[in-house]
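Everything on this sheet refers to the single structure shown next.
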Amino acid sequence: MKEKLIAPSMLASDFGNLQRDTEMVNNSEADWFHIDIMDGVFVPNISYGMPVLKAIAKHAQKTLDVHLMIIDPDRYIKEFAQLGTDILTVHYEACTHLHRTLQAIKAEGMKAGVAINPHTSVDLLKDIISDIDVVLVMSVNPGFGGQSFIENTYNKIQRLKEIISMSNAKTLIEIDGGVTDKNAAQLAKAGADVLVAGSFVFKAEDQPQTIKNLKQLANS
């Protein structure tokens, strides 16, 4: 069984100590950096943009997993590649020509991810699942950190796993929102491959230990 991955969400980090928090993730058992880019249009919040990603990328020694919660993501694909993004995830709900967007991401040498909001059915991805490297299932409504987990997520993971198996695809399932030590094991058991944790990690007293615990729970 392949190892389950942990991706701390930098949106919950201390922006006044960005280098310190980036180094903490580097030195922890985390696997990816999860970076949320929000435009205030697609979601009702604005996060950070290219300069902050550039600052993180300068120190990050692990996979940069960038989640675009923006309209018209195609405009910026090349720029995100130039900043060192490894995985670029766009929202199903924000792309008119999703297949073309995925091809454009891959043409820039990045892995292509598709995120879906809580109200979006995973069945809508059936026809292109083989073109998707990562499906990011939002387990809260996107836009703000610290929200509580939506229970229907487990059903979505199981259905997505079926779709991936039927297509013999190698797509990873990533979960973002409300991930804690209370649901990490259950999410992994349902079929999640990558767990994104923000507030739970960065508000912890011992952040590296919290990441280690999540990793152990996910792989137990």
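Coordinate-derived values only; no laboratory data. Since this is a predicted model, take the numbers as computed values, not measurements. Ideal geometry is used to build each Cβ from the backbone, glycine not excepted, and the neighbour counts take in all protein chains shown.
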Considering Cα pairs under 8 angstrom that are at least six residues apart, work out the relative contact order of the chain and quote it in whole percent. 22
Above-threshold pairs, the threshold being 19 Å between Cα atoms, out of LYS62/LYS111; LYS126/LYS161; LYS78/LYS111; LYS111/LYS182: LYS111/LYS182
The summed charge of the ALA184 Cβ neighbourhood (under 9 Å; Lys/Arg +1, Asp/Glu -1) stands at +2
Near ALA12, within a Cβ-to-Cβ distance under 12 Å, what is the net charge of the other residues, with Lys and Arg +1 and Asp and Glu -1? -3
Mean ellipticity per residue at 222 nm, deg cm²/dmol - from DSSP H runs of n ≥ 4 across the chain, formula -39500 (n - 2.57): -9500 deg cm²/dmol
What aspartates and glutamates sit close enough to LYS215 to cross-link, taking a C-alpha to C-alpha distance under 16 Å and skipping anything fewer than 8 places away on the same chain? GLU3, GLU29, ASP31, GLU174, ASP176, ASP181, ASP193, ASP206
Among (1) 1.04; (2) 0.93; (3) 0.97, the value of Rg/Rh (Cα atoms, Kirkwood Rh) computed for this structure carries the label (2)
For MET138, the net charge from surrounding residues (Cβ-Cβ under 13 Å; K, R +1; D, E -1) works out to -3
